[in-house]
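Below: one structure, written as structure tokens.
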């Protein structure tokens, strides 16, 4: 799913990111700062929505393809979905995030770990006044699986439409097709819609209206312009620590400069994460704005094709792993807004193995490994493929080119549109030697990163561009999926991480921070690193 | 042959070109790598889902059948679903085209309003300072990469001087959408604040866009003005006592306007090409940006749609000009196809 | 008396020399075209001797020895780096110098290809006429019904983005212009008497084409070639700018502008200087082409 | 004799070409008396059109350059005073050109043009507002009056269906009709002086006759003076009172129509006259060779390389002045240096010619006018147009 906008992203999503790349004409800041940023008090009359106190404005450079919750997949779409639609369970804003009650106040898991029973709260109503019933929940799961769009892949193989049944008004039973330990962690991303409303309206009714029961309801959707949400008065949830916002506007502002200007004069309160590093530096200089720079779940790998010469040789892979100047990537390319990875899992995820090997630049070591292999570095020519327009991966490619050149290895850079990369990685032949890819984060479970990338059954996807094959790792990942005991699972995952790190099927480069500009007046803002949930507007309030 | 039949003949001539273009684009789009169904559903979709969508999209049919299906749909306003927006491409185009249309039309107006006088001044002062300045300007205009000129103007007027907005289409709440043309809509809504804002946003991109055609128009006006001015009739009319000004601005201008018009038509078509670059730089939410978006995402239906619309604009612009040409220059009307 | 005859005859014999002189004369009369010629000469020189002129050829990827230095990113223009450095600490001037090679190569390839296809098509369509001629010309109409940049975009999409594919895409949309040009010339020349005459004495079609028609279309093609070099470079840069042309780290001008845009306005030099290079190159070809148009006395387009 | 209405003195026009400076007009004098029709006759490229263009004030400069000379119209010098030239052109001159297509605006109807001519008759200083009003189709003059006047004129020129013609564009008319319209237009301005530059050349022979008749009828009727340019002696004979024979930018001979035709004095004139029987087209067989190169004109008499009577050591050295003979006849040939009688001169010429012909040089060469133009091709497009 997409935290992607930036990096991975389904289908069209990356495109918009690229567009932003062009459109960002980044850091249009100086000029606008001149008229707005430096004297924020004076210039609230630029017409860009006067910020009255009860209103919160989220300014973003991307726009949604859809606001149908069952089709939503990218970051923006999920921000909308989690704020307008309830789900059975929610995430807290802790780090790492925990599960908490949503529409379901209580849930039970059967002994075989395959049947779940949820008890719904009885005070939840949809925005049109209808009560939220178990049959709405069943209908929602059915619709999700039928549309086969948005995030539906998360439940492929786990849930069949007929597996979800309404026992009575407030009880839902879900029978999963298999034991899937992370199942509960996926539920915060399953929106619940009003069956009656969706059924009696056209297919695209949901593009202009909402059928949810969430903390906010849709009042206006101006395509490519803005989405205006209003607080749903009888929402069941708790108020935040301060005065909540009556109105939330998701303002689509394709130009980065305008976003900065709006932040400067206070007509926007929160930015998205797609601005340029320079813009955030600019924002950080404003007195009334701070920049959130949490390193959460944005790991960047450079996959190495383990099924093709010469990268099938672990010594070559290790040599390369030791050749890379990680420090320069963190310090000079990402300007410090990242941590070097240790093994395949971000350190912020539970179950991370702190003992896994962490590679560092060591040319002698690299040379040793290369000597151990059967390959003459002069004969090694590799292709490094990255997503068109993603400058960070492009710059890393340039650096790798220089680094590997020291070993005598030739590296060619190739940019490809995201859609092409997903196509390339469907077969071993078309997969490039090296692919720079941001892993996608879906749910708070090590499985979200490890299984798609390193289990051999995941082959053919862009997240397994290494074509890694290790029976032991397969076994460990399978076991961890079907084991419910967290300690036991942690053990499995730690072992898997150790093996993977050792075998270096990818360069585990960095876990990137995501940056957001936030107005000081906003209270309760925490970036928990979760798609959508990092913008849980119902938790925010006006700081007095 | 009457003027009416001339118009009809010209209009009909555009149809085969359109059909040819649609075949060309459709064929091109079908050799795109990647599976449209797979692209539509995203990399996580199951093979069955992809197969059934493929069936639904008719991708198994022979390409001729697919083409005919597409054309049949086209006439009912169905251009297929955009893979990026999940909406019908026709709806998307309807939504995004007005912005582009507004941009290139205003750009062309600027080019005409500045280019023709520039050309006349140069033509009247052949080989003098005015002429040389105007010619040099013309050379600069056609030689500047539009996207670079755009960046320079942005740097100067938006960033350095802070006079005009750098990007976007409007800085205040948009007027209710009627035509999709901000200038028109804001006037209809008598929202002058919006009008002012829309105009301010329009100025830089439209002017950037106007540079090349302005230069072209000036050059063409100049040379045809000079050419016409040396014709015998100018002297004949002059010696019959018609004032020089009237000869210049009525007789010569009308006669030379025919060739200027051709350039305008050609350039109008090229403008929509430059818009693909300009809209990106100025973050102009128009069809060209949508087109680039589509291209980068292999959004096949959108690519076909955008290209067809560009083609139609091009063909219609040529048609309109042919007709105007016939109006301005009776030789064309009576002379058959070749001038 | 006889001197008159001789004069006339030598006149005829020296016709060719004469017209060369005339061209040279007219060309000299037009200082702007000399400037154009100068610019182009300079570009060609820079392109050929790039490795010797550029101070940091490895920054442009010369000899496959890449050099990046992220710590030296975004150095402002200075004596050491007259055009500044980019986000990878590379010398922009050196990259702009090497960029000359790509743009000239693109222009040459596109036009060679376009002329190679367009001229024969135009010749055949114009000379053979009839159904074949009509069909060919309708085909060119179709190609000409979309602005070249847009059509090149559409053609470039199925190919992987690269400089080579950008060249192919542009060339594919370019030939109809030459077909159209040659066709027009052929049709008018065909009717002229001397062709009729040579046909009368049994000249083969090929001979007519090569001896009579081709020489006649040489002038307009030369002019168009020069003007189009500039235009093709523009379109190539445009594709690069949109990400469908040369890929980083290729120091292609349009691509560099696109990369630089992400760092505006603070790092203004990044986009500005490659753009200046495009502007100069295109200006050079336009000035030259315009001069040639006057000299050879032909109208193209 | 009264003062001439038009007088051209010692005109020298040079053209800058790639080969250098072409001395295209080399000291031409010309007078036209009140009510007189004067024809300039000469072959293609001899400079007669350049002379006419100079008089009309439409010599393209550059490449042309008036190096020397004065032009008097009713005793007012015009070459040094552009405004005066413009005024005279507007008020007093009427022009008729060779190609009736380019002489009428292709984009307006005949009626529109004629109405404009009438509206602005004798009006100077027309303001921008008036121009604008005109362009949007408003005029102060009564449409009906104008209509009547147009019809009358067109009628006078024997144009069938004058009503219909008014709404036609020039493209819809035949060449002869266009030329009639053109004459009508020229007459509309009520000129005193007509300049006609080969007005019948582009027309069929039969039409030529009609046009000539019509033209002389108008001239007679309005008592106009006229300068008539032609390469056709036959035409000149029909219309002119006096004839100037021009060769290579110089006046070879001047005389009354009868004098020149009956007894041409200059060897060149004789060659021209010999070719007259073929009225329809200029026949070059009469004179061998081509117009010389203007950038390096022959020394002495410019005609000497082609002259059958050229005397070596004389004609190629000395430029012949114009010798004034009786009755206003002038001839620029050394044969007449010592007041030689025409008959004697002719005899000498004949002998010289025989001798030369014996050496047999230039017969049967297929030198068309195109080739002769080759050397002065770059003078102006206009010259070529006028001479084709």
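Per-residue mean of foreign Cβ neighbours for D:300-306 is 1 (Cβ atoms of other chains, 10 Å radius).
Which of rounded, prolate or oblate describes the protein assembly as shown when judged by the alpha-carbon gyration tensor and an a/c cut-off of 1.5? Prolate, because a/c is 1.5 or more and a/b exceeds b/c. Kindly express, to the nearest 10 degrees and within the range 0 to 90, the angle between helix A:486-503's C-alpha long axis and the longest C-alpha principal axis of chain A. Helix A:486-503 and the main axis of chain A meet at about 40 degrees. For chain B, the longest principal axis of the C-alpha atoms and the axis of helix B:47-57 are separated by about 50°.
For the stretch A:383-451, averaging the sequence separation of C-alpha pairs within contact (under 8 Å, six or more residues apart) and dividing by the residue count gives a relative contact order of 39 percent.
What order do you get for B:224, B:143, C:103 when you list them from fewest to most C-beta neighbours inside 10 Å? All intermediate terms of the calculation are to be shown ahead of the outcome.
Values: B:224 22, B:143 25, C:103 28.
Arranged by neighbour count, lowest to highest, B:224, B:143, C:103 become B:224, B:143, C:103.
Each Cα pair under 8 Å and six or more residues apart adds its separation to the average, and for chain C the resulting relative contact order is 24 percent. Across the stretch A:352-488, Cα pairs under 8 Å and at least six residues apart give a relative contact order of 19 percent. Extending 7 Å from Cα along the Cβ direction at residue A:287 and again at residue B:184 yields two label points whose distance is 4.8 nm.
Peptide B:165-178 has a mean of 4 when you count, residue by residue, the C-beta atoms of other protein chains within 10 Å of its C-beta.
Go ahead and estimate [θ] at 222 nm for the protein assembly as shown from helices alone: -39,500 (n - 2.57) per DSSP H run with n ≥ 4, summed, over the residue count, rounded to 500.
Values: 55 runs with 745 residues, N = 1572.
Rounded to the nearest 500, it is -15000 deg cm²/dmol.
In this rough spin-label picture, where each label sits 7 Å from Cα along the Cβ direction, the residue A:202-residue C:55 distance is 6.4 nm. The protection proxy used here, the mean number of other Cβ atoms lying within 10 Å of each residue, ranks peptides A:447-457, A:465-475 as follows, highest first: A:447-457, A:465-475. Each principal axis of the stretch B:1-114 carries a Cα extent, and these read 59, 34, 24 Å when sorted largest first.
For the pair residue D:158 and residue D:10, a Förster radius of 25 Å applied to the C-beta separation gives a FRET efficiency near 0.05, rounded to the nearest 0.05. Rounded, prolate or oblate: which fits the stretch A:299-512, taking a ≥ b ≥ c as square roots of the Cα gyration tensor eigenvalues, rounded meaning a/c under 1.5, else prolate when a/b beats b/c? Because its axes are fairly even, with a/c under 1.5, the stretch A:299-512 counts as rounded. A viscosity of 0.890 mPa s and a temperature of 25 °C, combined with the Kirkwood radius over Cα pairs in Stokes-Einstein, give a translational diffusion coefficient for the stretch A:104-188 of 185 µm²/s.
Counting only alpha carbon atoms, the long axis of helix B:287-296 and the longest principal axis of chain B meet at about 50°.
Arrange the peptides A:162-173, D:241-252 so that the one whose residues have, on average, the most other Cβ atoms within 10 Å appears first. Write out the running numbers ahead of the final one.
Numbers: A:162-173: 16.9, D:241-252: 25.6.
For the peptides A:162-173, D:241-252, the packing ranking is D:241-252, A:162-173.
What average count of beta carbons from other chains do you get within 10 Å of the Cβ of residues in C:251-259? Don't jump to the answer; show the numbers that get you there.
Values: counts 0, 0, 2, 4, 1, 0, 5, 7, 5.
Mean shielding by partner chains, rounded to a whole number: 3.
Would you mind classifying chain A by shape? Square roots of the alpha carbon gyration tensor eigenvalues, ordered a ≥ b ≥ c; an a/c under 1.5 is rounded, otherwise it is prolate if a/b is larger than b/c and oblate if not. Oblate, since a/c reaches 1.5 and b/c is not below a/b. Place a label point 7 angstrom from the Cα of residue C:35 along the Cα-to-Cβ direction, then list the residues of the stretch C:260-301 whose backbone nitrogen is under 14 Å away. Flagged as within label range: C:280-291.
Here each label is just a point 7 Å from Cα along the line to Cβ, and for residue C:112 and residue A:543 those points are 6.5 nm apart.
Summarising the strand pairing of the protein assembly as shown, around 70 percent of its internal DSSP beta bridges are antiparallel.
Which part of the stretch C:98-116 falls in the paramagnetic zone of residue C:65, meaning amide N under 18 Å from the point 7 Å along Cα-to-beta-carbon? Residues C:98 fall inside that zone. Each peptide in C:171-180, C:25-34 gets a packing score, the mean of other Cβ atoms within 10 Å over its residues, and the list from highest to lowest is C:171-180, C:25-34. For residue A:111 and residue B:64, the FRET efficiency from 1/(1 + (r/R0)^6), where r spans their Cβ atoms and R0 equals 56 Å, is about 0.40.
Only bridges whose two residues both fall in chain A count here: according to DSSP, what percent of them are antiparallel, nearest 5? List each step's numbers first, then the result.
On the way: 52 of 69 bridges.
If I count the DSSP bridges inside chain A, around 75 percent turn out antiparallel.
Since every read-out is calculated from the coordinates, none of them should be taken as a lab result. These figures come from a predicted structure and were not determined experimentally. Don't worry about glycine lacking a Cβ; one is built from the backbone with ideal geometry, like all the others, and counts go over all protein chains shown.
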